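None of the figures in this text is laboratory data; all of them are computed from the coordinates on show. Keep in mind that what you see is a predicted model, and the values were worked out from it rather than measured. All Cβ positions, even for glycine, are placed from backbone atoms using ideal geometry, and neighbour counts span all protein chains on display.
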Amino acid sequence: MNSSQRVEQLLLFLQDDPTDSFLQYALALEYQKLGKVSKAIKTIEYLLMNNSAYLGAYYQLGKLYEAENDLQKAVSIYKTGKTLAQKQDNRKTLNELNEALQNLEEN
């Protein structure tokens, strides 16, 4: 199954529950694979609007903002994700977000 077919399948699944965070995240990743960065961004923004605790989305959204050269938004989302990672005591994600933020601020 290719990415286009996976997008179609995910959209069908989302008809039953449009706010399913896992499906939204998977859809965003498929959009990204297809080079549809703005659709991927909108999908993750929608996900976070409905489930701000979905920690993995912050790193991915930051990377997508970077791809669109929207560095202010990338920094902001990384910082928001760091705060959430600290609250959730998720050190792995906190380290990933710190590294992404550091790399961005060095450039």
> Want the number for residue 4 to residue 95: 0.36 nm per residue separation, take away the alpha-carbon distance, what's left?
Replying inline: 29.5 nm
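Suppose R0 equals 22 Å; then what is the FRET efficiency for residue 72 and residue 39 from their Cβ-Cβ distance, rounded to the nearest 0.05? Mind showing how you got there, number by number?
On the way: r = 21 Å, r/R0 = 0.95.
In this case the efficiency is close to 0.55.
Starting with the fewest neighbours, write out 106, 68 ranked by other beta-carbon atoms found within 10 Å of each beta-carbon. Could the numbers behind the result be given before it?
Numbers: 106 6, 68 14.
Taking fewest neighbouring Cβ atoms as first place, the list is 106, 68.
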> From the phi of every residue in segment 90-101, what ³J(HN,Hα) in whole Hz does the Karplus formula 6.51 cos²θ - 1.76 cosθ + 1.60 yield, where θ is phi - 60° and glycine or proline is x?
Replying inline: 9, 5, 4, 5, 4, 5, 4, 5, 4, 5, 4, 5
>> Using only the alpha-carbon atoms, what does segment 55-107 span along each of its principal axes? Please give whole angstrom values in decreasing order.
In response: 30, 20, 13
> Taking the chain, how many lysine pairs are there with alpha carbons less than 21 Å apart, if each pair must be eight or more places apart or span two chains?
Replying inline: 18
> Got a sec to turn the phi values of segment 66-83 into Karplus ³J(HN,Hα) couplings, 6.51 cos²θ - 1.76 cosθ + 1.60 with θ = phi - 60°, whole Hz, x for Gly and Pro?
Replying inline: 4, 4, 8, 6, 9, 5, 4, 5, 4, 4, 4, 6, 4, 5, 4, x, 4, 4
> Please state the relative contact order of the chain as a whole percent: Cα pairs under 8 Å, 6+ residues apart?
Replying inline: 18 percent
> Please state the relative contact order of segment 1-54 as a whole percent: Cα pairs under 8 Å, 6+ residues apart?
Replying inline: 33 percent
>> Full-extension gain between residue 50 and residue 87, please, as 0.36 nm times their residue separation minus the C-alpha to C-alpha distance.
In response: 11.5 nm
>> Would segment 13-73 count as rounded, prolate or oblate if I go by the C-alpha gyration tensor, calling it rounded below 1.5 in a/c and otherwise prolate when a/b exceeds b/c, oblate otherwise?
In response: oblate
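From the C-alpha coordinates alone, can you work out the Kirkwood hydrodynamic radius of the chain, in Å? Can you show the working numbers first?
Numbers: mean 1/r = 0.0709 Å⁻¹.
About 14.1 Å, per the Kirkwood formula over Cα pairs.
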